[in-house]
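Enquirer: The structure is given below, and queries will be raised subsequently.
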Amino acid sequence: MTIRAVLRLGHPALRQRAREIQDEVFGTQQLQTLIDDLLETKAARSGAGLAAPQIDEPWRVVVVGMGANPRYPQAPPVPERVLINPEITPLSDATTAGWEGCLSVPGLRGEVVRWQRIRLTWRDPNGGSHLEELEGFHARVVQHECDHLDGVLFPDRLRDPTAFGFEAELQSDGRIP
């Protein structure tokens, strides 16, 4: 496992649509190495999730999961998962606003509106298919990471440009914990 460099906002690779993992790649050492690097890099940077394009790999692979996290001190745990070729379907029109950060946008936070409840389908590293309904912070993390697979970063989803800024200033103003 290797801790990889995380690309930052402005790098062109972050704006590309990632390619799907094909059937013959499931269960290979190549895929497992990518997954291991994603997990190691996410853990080293206290991320809630990380997408392959963030480490300059153009594949539709996301890792999510965290326990207590200093970057999100009030957030509930998110189960550790590897999501390959994930697809999201909203389960209603209900949305909620929440403050987000990103390892590719270090030091900044923004308030982003996301669907409250989603249906997530994905494949695991061996190619098995899964379906789950998610809500709350877990759904937010998955939506944020899956956006990376389509070249979208959270600042693209800001509705109010005044709800975006450096963490220290937002904390001192009492807007984020």
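The values are calculated or read from the model by the stated rules, or taken from the named source; none is laboratory data. Only a predicted model underlies this, so the values are computations on that prediction, with no experimental measurement involved. Note that each Cβ is placed from the backbone with ideal geometry, even for glycine, and that neighbours are counted across all protein chains shown. Protein only, heavy atoms only, side chains kept; ligands, DNA and RNA dropped before computing areas. Shrake-Rupley method; radii C 1.70, N 1.55, O 1.52, S 1.80 Å.
Enquirer: If V62 passes every condition in (1) out of contact with any His (no Cβ under 8 Å at 6 or more places or on another chain); (2) under 13 Å from P125 (Cβ atoms); (3) β-branched (V, I, T) but one, which one does it miss?
Expert: Evaluating V62 over (1) out of contact with any His (no Cβ under 8 Å at 6 or more places or on another chain); (2) under 13 Å from P125 (Cβ atoms); (3) β-branched (V, I, T) leaves (1) as the failure.
Enquirer: If you go through the range 80-116 one residue at a time, how many are small (G, A, S), open to solvent by less than 30 Å² (accessible area, probe 1.4 Å) and within 14 Å of Q143 (Cα to Cα)?
Expert: Result for the range 80-116: 2.
Enquirer: I've got another one for you. When the residues of the range 159-177 are filtered to those that are outside any helix (DSSP H, G or I) and either in contact with a Pro (Cβ under 7 Å, 6 or more places away or on another chain) or among the charged types (D, E, K, R) (or both), which remaining residue is modelled with the lowest pLDDT?
Expert: Restricting to residues being outside any helix (DSSP H, G or I) and either in contact with a Pro (Cβ under 7 Å, 6 or more places away or on another chain) or among the charged types (D, E, K, R) (or both), the top hit is P177.
Enquirer: Of all residues in the range 73-100, how many are of a type outside the set (A, V, I, L, M), touching a residue at least 60 places away in the same chain (Cβ under 8 Å) and out of contact with any Gly (no Cβ under 8 Å at 6 or more places or on another chain)?
Expert: Residues flagged as of a type outside the set (A, V, I, L, M), touching a residue at least 60 places away in the same chain (Cβ under 8 Å) and out of contact with any Gly (no Cβ under 8 Å at 6 or more places or on another chain) within the range 73-100 amount to 4.
Enquirer: So if I check each of D160, D147, D173, D156, which one is surrounded by fewer than 14 Cβ atoms within 10 Å (Cβ to Cβ) and either under 17 Å from V105 (Cα atoms) or hydrophobic (A, V, I, L, M, F, W, C) (or both)?
Expert: It is D156.
Enquirer: Of the residues R123, R119, only one is within 30 Å of Q30 (Cβ to Cβ) and surrounded by 19 or more Cβ atoms within 10 Å (Cβ to Cβ); which?
Expert: Result of the check over R123, R119: R123.
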